[in-house]
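The block underneath contains the structure these notes are about, expressed in structure tokens.
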Amino acid sequence: MKKRKIILDCDPGHDDAVAILLASSYEEIDLCALTIESGNQALEKTSRNALNLVQYLSLDVPVAKGEAKPMVRDAQICPEIHGESGLDGYEFPPLYKKCVKQDAVTLLKEMLTKDEYTIVATGPLTNIGVLLKKYPEVKNNITEIVLMGGSIGFGNVTPAAEFNIFCDPEAADIVFTSGIKVTMIGLDVTRKILITNKINEEIKNINNKVSALFYPLMKVFIENQKKVFGFDGAPLHDPATIVYLVKPEIFKTKFMNVTIDVSKGPSYGRTNCDQFDYLKLKKNAFVVLDVDVDAYFEEIKNCIKKY
Ligand code: RIB
Ligand code: CA
């Protein structure tokens, strides 16, 4: 079986952490590098969280620090969901793993000059936007970009915008107008894949090294989502990108035009998804419309059981 070589660009982040453990557990995926965004927390914290996760999971994967701030706008963070550390809920053992010397954009450029990769993006798109602006020639070696971000409907950080896109709308605009095959998994879908305390307890009973990490992290994630949004479960946003790569058949997608609102008005950072082709603009993204929720959580559980 030919493995899918991926570079995961992320801002760990509780749900990013689950995306990392899924990417490292699937036989079908070769997790080749982690490039880190600021987003859920500042870059120093998201980088430290990524190193802790790679060390805990005993992964031989380079971790490269990304851009410290967005291309144009001011930086955002999300402690109300992910906490002061960006990954509240688990005390990791002493950290010895270090980031590689190259920054994320340099590592991406070096890797994409030598080989083809799928880019999976589960945080703001700053690193990818800067990469495509500085080194447009690497586009030819990006097979596709599968990203968690945006929404057809409402936002989660303003009425109009989802957090990852809102953090760097200009970078997102570069990605969506790049001509690279883009698959967008937005809130319309991820707000259906809610991890509940009941599911979390089932995963706790798997009783292995990864469930021992997963359970306390998700406990905090669920509590914070309840406090902020009143949800009875936490949208397990980011792992959907990984499950989509391996089990696309449990998702429903539609090819359409997606335009990023880069005006500085109340819809700044909105993904305008023209699902009924009102504007007859060039279609540029596969937008995920639906998911088989039970099948999704079966995948999560099966991946955790493999450890
Ligand atoms: O809006 C949800 C997204 O923002 C997820 O990727 C979460 O980790 C945060 O980055
Ligand atoms: Ca994320």
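Here the condition is being on the phi < 0 side of the Ramachandran plot, outside any loop (DSSP other than H, G, I, E, B), in contact (Cβ under 8 Å) with a residue 40 or more places away in the chain and open to solvent by less than 30 Å² (accessible area, probe 1.4 Å); of ASN224, ASN257, it holds for ASN224 alone. Given the conditions (1) within 13 Å of ligand 1 (Cβ to nearest atom); (2) open to solvent by less than 40 Å² (accessible area, probe 1.4 Å), which single one is not true for SER25? So SER25 meets the others, but not (1).
For the stretch 63-84, the set of residues classified as without any contact (Cβ under 8 Å) to a residue 60 or more places away in the chain, crowded, with 18+ Cβ neighbours inside 10 Å and either farther than 27 Å from PRO169 by Cα or among the small types (Gly, Ala, Ser) (or both) consists of ALA64 only.
Open to solvent by less than 10 Å² (accessible area, probe 1.4 Å) and assigned to a loop (DSSP other than H, G, I, E, B), is that true of PRO12?
yes
Scanning the stretch 123-180 for residues that are within 16 Å of ligand 1 (Cβ to nearest atom), free of Cβ contacts under 8 Å to residues at least 40 places away in the same chain and surrounded by 19 or more Cβ atoms within 10 Å (Cβ to Cβ) yields one hit, ILE145.
Looking only at residues of the stretch 274-291 that are touching a residue at least 60 places away in the same chain (Cβ under 8 Å), open to solvent by less than 20 Å² (accessible area, probe 1.4 Å) and over 16 Å from the mean Cα position of the chain (by Cα), we find that the one that is farthest from LYS192 (Cα to Cα) is ALA285.
Counting the residues of the stretch 146-187 that are under 15 Å from the mean Cα position of the chain (by Cα), of a type in the set (D, E, K, R) and within 30 Å of GLU298 (Cα to Cα) gives 1.
The values are calculated or read from the model by the stated rules, or taken from the named source; none is laboratory data. Keep in mind it's a predicted model, so treat the numbers as computed, not measured. A quick note on method: Cβ atoms are made from the backbone with ideal geometry, for glycine too, and the neighbour counts reach across all protein chains shown. SASA here: full protein model, heavy atoms, side chains in, ligands and nucleic acids out. Shrake-Rupley method; radii C 1.70, N 1.55, O 1.52, S 1.80 Å.
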